[in-house]
Amino acid sequence: VYKTTDGGETWERVLHVSDDTGIAEVHMDPRNPDVLYAAAYQRRRHVWTLLDGGPEAGIYKTTDGGEDWTELTRGLPRGDKGRIALAISPQNPDVIYSLVDAIEGRGTYVSEDAGASWSKRSDYVAGSPQYYQELIVDPHQFDRVYSMDTFAQVTNDGGRTWEAVGEQDKHIDNHALWIDPKDQHHLLNGTDGGLYESFDNGVSWRHFPNLPIAQFYKVAVSDHA
């Protein structure tokens with residue numbers, strides 16, 4: 001993790017696990033910009049192989065803007081772990097959702113005390129964690145979380161149970177999701193087959209065929225006109 005305090009003119013490395021382990025995600029507590037969570041991912045990808053995971057994977061937290069970091073371990077799987085997904089509840093930022101790929105104990109984990117401890121909610125992780133493994137929290141409904149996967153999943157009970165969002169008339173392989181802040185039923189979904197829109201939480205989708213592009217990995221909307 002690198003940090004800049006001058007708009008990108010200079011950068012300082014504030015979190016380094018090892019040369020074999022990078023940071024896949026960083027999330028900021030909406031109440032305090034000095035509180036950050038980072039998911040470390042030990043990985044090497046070569047033409048001939050993928051070294052997917054290891055003992056250095058884990059979740060780190062800072063409360064002072066990155067000056068000091070603590071690895072969060074209580075309740076989480078030990079040993080070799082793969083890619084880890086993180087998401088903070090906008091309704092209660094002390095609640096953090098995570099998908100943990102691990103040799104033993106892989107599944108959906110939730111912390112209700114800002115990462116101090118974790119409990120396993122289910123065995124679900126993305127079908128191919130190194131390729132998907134990303135969570136998007138519904139800003140309208142507490143404990144409703146979407147998971148990007150070959151077939152997108154959603155939970156309405158904080159990860160205890162998961163069900164398919166729906167892929168009718170839509171390409172699979174989901175990577176990006178935007179939820180309308182004014183309408184929880186309005187979704188934009190980026191997939192390997194392009195961009196899709198739903199107004200009924202994924203029951204039906206319409207494709208944007210005028211966009212000659214594929215494999216969306218992020219969707220963002222500007223607040224400026």
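The values are calculated or read from the model by the stated rules, or taken from the named source; none is laboratory data. Predicted, not measured: the structure shown is a model, and the values here were computed from it. Reconstructed Cβ throughout: ideal geometry from the backbone, glycine too, with neighbour counts over all protein chains shown. Quick note on the areas: whole protein, heavy atoms, side chains included, nothing else; ligands and nucleic acids left out. Shrake-Rupley method; radii C 1.70, N 1.55, O 1.52, S 1.80 Å.
Collect the residues in region 21-42 that are in contact with a strand residue (DSSP E or B) (Cβ under 6 Å, 6 or more places away or on another chain) and either hydrophobic (A, V, I, L, M, F, W, C) or open to solvent by 70 Å² or more (accessible area, probe 1.4 Å) (or both), keeping them in residue-number order.
Ile23, Ala24, Val26, Met28, Leu36, Ala38, Ala39, Ala40
If you take the residues in region 43-54 that are open to solvent by 60 Å² or more (accessible area, probe 1.4 Å) and part of a loop (DSSP other than H, G, I, E, B), which one is nearest to Trp69 (Cα to Cα)?
Initially, region 43-54 is screened for residues open to solvent by 60 Å² or more (accessible area, probe 1.4 Å), giving 43-48, 51-52.
Filter once more, so that each one left must be part of a loop (DSSP other than H, G, I, E, B): 46-48.
Values: His46: 30, Val47: 33, Trp48: 34 Å.
Among those that are open to solvent by 60 Å² or more (accessible area, probe 1.4 Å) and part of a loop (DSSP other than H, G, I, E, B), it is His46.
Of the residues that make up region 148-163, is at least one surrounded by fewer than 20 Cβ atoms within 10 Å (Cβ to Cβ) and at pLDDT below 95?
Checked against the condition, which is being surrounded by fewer than 20 Cβ atoms within 10 Å (Cβ to Cβ) and at pLDDT below 95, region 148-163 yields no hits at all.
Without any contact (Cβ under 8 Å) to a residue 40 or more places away in the chain, open to solvent by 10 Å² or more (accessible area, probe 1.4 Å) and not in a strand (DSSP E or B), is that true of Phe142?
Details: without any contact (Cβ under 8 Å) to a residue 40 or more places away in the chain: no; open to solvent by 10 Å² or more (accessible area, probe 1.4 Å): yes; not in a strand (DSSP E or B): yes.
Criteria not met by Phe142.
Got a sec? Which of Lys182, Lys170 is among the basic types (Lys, Arg), part of a loop (DSSP other than H, G, I, E, B) and open to solvent by less than 70 Å² (accessible area, probe 1.4 Å)?
Working: Lys182 fails: open to solvent by less than 70 Å² (accessible area, probe 1.4 Å).
Result of the check over Lys182, Lys170: Lys170.
As an exercise: evaluate Gly194 against (1) at pLDDT below 95; (2) crowded, with 18+ Cβ neighbours inside 10 Å; (3) under 28 Å from Gly58 (Cα atoms) and give the number of the one condition it does not meet.
Among (1) at pLDDT below 95; (2) crowded, with 18+ Cβ neighbours inside 10 Å; (3) under 28 Å from Gly58 (Cα atoms), the lone unmet condition for Gly194 is (3).
For a quick check of your reading of the model, give me the residue pairs whose first member lies in region 71-91 and is more than 17 Å from Gly159 (Cα to Cα), whose second is open to solvent by less than 30 Å² (accessible area, probe 1.4 Å) and not in a loop (DSSP other than H, G, I, E, B), with beta-carbon atoms closer than 6 Å and at least 6 apart or on different chains.
Within 6 Å, the pairs are Glu71/Gly58; Leu72/Ile59; Asp80/Gly54; Lys81/Ala102; Gly82/Asp101; Arg83/Tyr41; Arg83/Asp101.
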